[in-house]
Amino acid sequence: MSPYALSMLMSSLAVGTIVTLSSHHWFLAWMGLEINTLAIIPLMTKMHHPRATESATKYFLTQATASALILFSTTINAWMTGEWSIMNMTNPTPTVILTLALAIKLGIAPFHLWLPDVLQGLNMLTCLILSTWQKLAPMALMMLTSHQLNTNLLIAMALMSTIIGGWGGLNQTQMRKIMAYSSIAHLGWMILVISFAPSLALLNLLVYLVLTSSMFLMLMTLNSTNTNKLSISWLKTPTLAASMMVTLMALGGLPPTSGFLPKWLILQEMTKQHLGTLSALMAMSALLSLFFYIRLSYTISMTSPPNISNSSLTWRKKKNLTYLIPILIIMSATMMPITPTLLLLN
């Protein structure tokens with residue numbers, strides 16, 4: 001792809017998200033989401049492969065449906081209240097439609113089926129953008145309207161997302177599908193607490209962005225798209241493979257990594273809201289995700305391919321964005337000490 005076209009598309013992605021984040025009017029927020037969708041589709045199809053075309057088509061149809069539902073719900077709300085303000089979603093019918101539309105956009109269960117298939121057909125950089133940057137605008141709209149959304153519906157979708165995100169990744173060997181199910185599970189934790197403490201949902205989103213970016217950049221550096229290729233990563237770069245194990249444990253939420261911080265605070269908040277049974281179910285569903293993260297760590301560290309190269313140095317292509325990896329790895333492992341500060345801010 002031409003660098004001029006690429007820069008224009010990346011700028012459009014940034015503009016679309018910023019327009020949605022800074023808008024108070026529903027129509028302007030909807031325009032930002034549409035700019036985002038239209039900007040990423042050429043990035044998806046730049047590989048000129050049938051799988052990429054299939055992924056772009058599925059993504060476009062899903063996002064178009066969600067955008068139509070957002071416009072439909074906001075039009076009904078404007079018709080009933082006379083206002084287009086994002087903060088004024090008082091009627092239950094448009095609020096439920098809006099919740100379902102944002103769930104489709106984010107890939108929250110039971111509207112998650114498009115996400116693993118779409119990611120599987122894309123290259124790692126586009127998967128990184130789709131899993132991180134494209135979540136910002138819909139999640140911002142969900143946080144802005146969190147005090148008006150149906151709490152029971154959000155809790156049901158959150159529990160379903162964490163269970164399906166853990167269960168769906170158990171039998172996968174493709175890294176992109178594993179990261180898709182990981183994304184579904186993390187989104188479940190975010191929308192669980194969004195009605196009670198939006199600041200915790202924002203913290204969970206920031207930690208998720210750091211961990212997912214770190215994981216995708218390491219996979220791009222190692223050129224690993226499945227578990228078989230991941231098993232030779234220790235021979236290529238032992239330091240990076242060890243760092244990937246730490247990031248996987250952080251994704252699973254094991255202490256003392258950064259991934260434990262939001263889960264701990266969310267379970268604490270749920271207990272304060274007298275939702276002990278729900279907290280126990282969420283904690284047990286997190287064990288499903290933790291199982292396949294541990295399985296990946298085992299693949300990296302304790303398995304070796306049948307034919308090991310005799311050369312002491314392995315040839316590998318120089319990758320861009322490698323300077324970001326050490327920063328993200330450090331953030332993935334060392335955010336626990338700032339917990340008291342975050343508790344004071346909350």
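The table below lists the values:
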{"quantity": "Accessible-area order (highest first, 1.4 angstrom probe) of the listed residues Trp167, Trp264", "calculated": "Trp167, Trp264"}
{"quantity": "Which of Leu290, Ala68, Ile108, positive extreme of dipole for the chain (C-beta unit charges)", "calculated": "Leu290"}
{"quantity": "Taking the range 27-104 and dividing mean pair separation by its residue count, relative contact order in percent (alpha carbons under 8 Å, at least six apart)", "calculated": "30 percent"}
{"quantity": "Relative contact order of the chain, pairs being alpha-carbon contacts under 8 Å that are 6 or more residues apart, as %", "calculated": "15 percent"}
{"quantity": "Count, lysine Cα pairs under 18 Å in the chain, 8 or more residues apart or across chains", "calculated": "15"}
{"quantity": "Heavy atoms of Arg51: accessible area, 1.4 Å probe, square angstrom to 10", "calculated": "100 Å²"}
{"quantity": "Descending semi-axes in Å of the range 1-149, equivalent ellipsoid built from Cα gyration tensor", "calculated": "28, 16, 11"}
{"quantity": "Ala14 paired with Thr93, simple spin-label distance in nm, labels 7 Å along Cα-to-beta-carbon", "calculated": "4.3 nm"}
{"quantity": "Highest-first arrangement of 140-153, 266-279, where packing means the average Cβ count within 10 Å", "calculated": "140-153, 266-279"}
{"quantity": "Mean shadow area of the range 89-247 over all directions, Cα convex hull, nm²", "calculated": "8.9 nm²"}
{"quantity": "The chain - accessible surface per residue (Å², probe 1.4 Å)", "calculated": "44 Å²"}
{"quantity": "Rg ratio (alpha-carbon, reference 2.2 N^0.38 Å) - the range 19-74", "calculated": "1.28"}
{"quantity": "Under the span-like rule (Cα at least 15 Å along the axis, Kyte-Doolittle mean at least 0.0), DSSP H helices of the chain", "calculated": "3-21, 26-44, 50-81, 92-106, 133-144, 151-168, 175-193, 198-222, 238-252, 260-272, 276-302"}
{"quantity": "Ellipticity estimate at 222 nm from DSSP helix runs (n ≥ 4, -39,500 (n - 2.57)) divided over the chain, nearest 500", "calculated": "-24000 deg cm²/dmol"}
{"quantity": "Spherically averaged projected area in nm², based on the convex hull that wraps the Cα atoms of the range 3-344", "calculated": "17.6 nm²"}
{"quantity": "Inter-site label distance for Lys229 and Trp79 at 7 Å from Cα along Cβ, in nm", "calculated": "5.0 nm"}
{"quantity": "Fraction of accessible area attributable to carbon and sulfur, the range 61-178 (%, probe 1.4 Å)", "calculated": "68 percent"}
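The values are calculated or read from the model by the stated rules, or taken from the named source; none is laboratory data. Here the structure is a predicted model, which is why all the values come from computation and not from measurement. Here Cβ is always computed from backbone atoms with ideal geometry, including for glycine, and neighbour counts include all displayed protein chains. These accessible areas exclude ligands, DNA and RNA; they are computed on the full protein's heavy atoms, side chains included. Shrake-Rupley method; radii C 1.70, N 1.55, O 1.52, S 1.80 Å.
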